[in-house]
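Reading through the structure tokens given below for one structure.
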Amino acid sequence: MTTRAAFLDRVRREVSRASGGVEVRPAPRPPSPSDAALAVRRQLAERWPEALERFVEEFERVAGVFHRARSADEVPDIVLGIAREKGAREAVAWAPASLGVDLRPALAAAGLPVHVARDVGDTSRREHRDEAARAELGVTGADFVLAETGTLVLLSGAGRPRSTSLLPATHVAVFDRSRLLESLEQMGIVLEALHVDPERAMSGAMINFITGPSRTADIELTLTRGVHGPKEVHAVFVEEPLPPTP
């Protein structure tokens, strides 16, 4: 029987034999996270077109589907087009205040009911989970969009439950340029700033990093999509700024 110490020693020997590894070290915590996050935002105010281009490249590399809207008014038509393509009969969405657009009037007029998230107690949250489990389409915002990996970052909270993005077979995320970040290092700075801000503290929130559709492989490395999440992920970039969300 191999002891724990012997096993770990073997792992160390094998790791030491590897060549060409990348040095990994923790990034220093900024002395003032809020100031550091503001500096990142100022940089992205100029560099967002390049960040968006990189995001699209990486997002499509992981099988994401990218869409572009000139304004929030065009978002319902894009969502409706995706819903029709997928044969969706029901949809769920974050609350309009968190999403930045109310999909219900346009989609209901086209015959697609949209159940928006509510946060008035455990019963409403359970009801939304049931709605999300039935719906073929889930529409959320994106709190951050990470260009270097094509990743959507979602923070859970009131009016923005995890089930909206995780349970339907197709997930659609809507965002504007203010959500773009270039690197994981910038992501850490911005999250640190949120954590220390008493008005936006994320106590109890879940942070979901979504990089493409759900993928699961068995022991024979047969890849299957949609076992533990959506089979498809769409991103809708809105050129005009969306209303600020909570």
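Each reported figure results from applying straightforward, stated rules to the coordinates on display, with no laboratory input. For clarity, every value in this text was computed on a predicted model and none was experimentally measured. Cβ placement follows ideal geometry from the backbone for every residue including glycine, while neighbour counts extend to all protein chains displayed.
Couple of notes before you dig in:
- Spin-label proximity, Glu185 to the range 123-164 - amide N less than 17 Å from point 7 Å beyond Cα toward beta carbon: 146-149
- Volume of the convex hull of the chain (Cα atoms only), normalised per residue: 190 Å³.
- Rounded to the nearest 20, the size of the Cβ-charge dipole of the chain about its Cα centre is 760 debye, with Lys and Arg at +1 and Asp and Glu at -1.
- Exposed GluC sites (Glu not before Pro) absent: longest stretch of the chain, with sites in DSSP loops and at most 10 other Cβ within 10 Å deemed exposed: 24-198
- Computed 3J(HN,Hα) for the range 49-61, one whole-Hz value per residue from the Karplus formula 6.51 cos²θ - 1.76 cosθ + 1.60 where θ = phi - 60°, is x, 5, 5, 5, 4, 5, 4, 4, 4, 6, 5, 6, 5, glycine and proline marked x.
- Between Ala142 and Val174, the built amide H atoms are under 5 Å apart, and every one of these is 5 or more places off in sequence or on another chain.
- For the pair Glu57 and Arg118, a Förster radius of 35 Å applied to the C-beta separation gives a FRET efficiency near 0.40, rounded to the nearest 0.05.
- Between 0 and 90 degrees, the angle of helix 4-17 with respect to the longest Cα principal axis of the chain falls at about 90 degrees.
- The range 181-189 - phi-based ³J(HN,Hα) in whole Hz, Karplus 6.51/-1.76/1.60, Gly and Pro as x: 10, 8, 9, 5, 4, 4, 4, x, 5
- The slack in the chain from Asp35 to Arg12, taken as 0.36 nm per residue of separation less the alpha-carbon distance, amounts to 4.3 nm.
- Calculated FRET efficiency, Val196 to Arg47, Cβ-Cβ distance, R0 = 35 Å: about 0.90 to the nearest 0.05.
- Note on Ala133 and Glu85: with the Förster distance fixed at 25 Å, the Cβ-Cβ geometry gives a FRET efficiency of about 0.75.
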